[in-house]
1. In 5 Å bins starting at 0, how do the alpha-carbon pair distances of the stretch 1-133 split up by percent?
2. For helix 12-24, what angle does its Cα long axis make with the longest principal axis of the chain, in degrees from 0 to 90 and rounded to 10?
3. Taking the chain as the reference, fit the longest principal axis to its C-alpha atoms, fit the long axis of helix 120-129 to the helix C-alpha atoms, and give the angle between the two in degrees, 0 to 90, nearest 10.
4. First obtain the Kirkwood hydrodynamic radius of the chain from its Cα pairs, then insert it into the Stokes-Einstein equation at 4 °C and 1.567 mPa s, and state the resulting D in µm² per second as a whole number.
5. Take the alpha carbon atoms of the stretch 145-170, find their center, do the same for the stretch 38-100, and report the distance between the two centers in whole angstrom.
6. How large is the direction-averaged shadow of the alpha-carbon convex hull of the stretch 178-221, in nm²?
7. Nearest-5 percent of antiparallel DSSP beta bridges in the chain?
8. Please compute the contact order of the stretch 178-221 in relative form: average sequence separation of alpha-carbon pairs under 8 Å and at least six residues apart, divided by the residue count, as a percent.
């Protein structure tokens with residue numbers, strides 16, 4: 001059994017629990033192919049091309065708000081938001097109001113789930129079983145130390161080590177402008193393949209893959 005482990009700080013702890021359980025039971029037919037990522041590296045890579053971050057509440061429910069507060073001290077504003085319509089609208093309204101004052105800020109607009117300290121037990125578990133590694137982000141490229149892989153102490157459950165899986169590098173369609181869309185440097189409609197060769201049914205770039213993508217939302221609901 002090879003489990004494909006994808007996602008951000010939200011899902012990584014559950015994968016670590018699965019590996020720990022496999023170790024405790026001394027299973028030899030279970031391994032994990034990791035593709036987990038962490039958000040701080042992405043924030044660093046994109047901080048110079050944003051007015052403010054709309055931070056993902058599910059991530060910071062685990063990690064806490066320390067990185068958000070640190071970025072605000074360095075001049076990068078942001079708001080942590082929930083996922084209901086009212087929570088998103090509230091966060092955006094707070095963000096615009098504070099942004100107009102011209103001073104860097106961070107506001108947690110999702111306090112019912114996100115706490116400053118996050119979930120220390122989950123963070124500790126991940127630190128014990130995984131370590132940072134360089135990782136490639138679709139549309140942006142490789143961001144140093146923005147991925148997670150199993151530590152050597154758990155390598156018998158690492159599918160790459162167990163089965164000798166080589167490194168796979170993604171290839172970006174040169175016509176796709178997802179990287180620029182993600183960084184707010186162009187509109188989805190500015191991309192030459194948007195709505196033509198690239199649609200939700202046949203996505204070319206990362207931003208069109210799911211309903212959460214900027215290009216997919218723009219395609220479905222318009223600008």
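1. Spelled out per bin, shortest first, that is 2, 10, 18, 19, 17, 13, 9, 6, 4, 2, 1, 0.
2. 10 degrees
3. Once rounded, one gets 50 degrees.
4. Reported coefficient: 68 µm²/s.
5. One Cα centre to the other: 30 Å.
6. Orientation-averaged projected area of the Cα hull: 2.6 nm².
7. 35 percent
8. Across the stretch 178-221, relative contact order equals 33 percent.
Values quoted throughout were computed directly from the atomic coordinates according to the rules given, and no laboratory measurement underlies them. Predicted model, so just to flag it, every value in this text is computed and none were measured. Cβ sites come from the backbone with ideal geometry, for glycine too, and all protein chains shown count toward neighbours.
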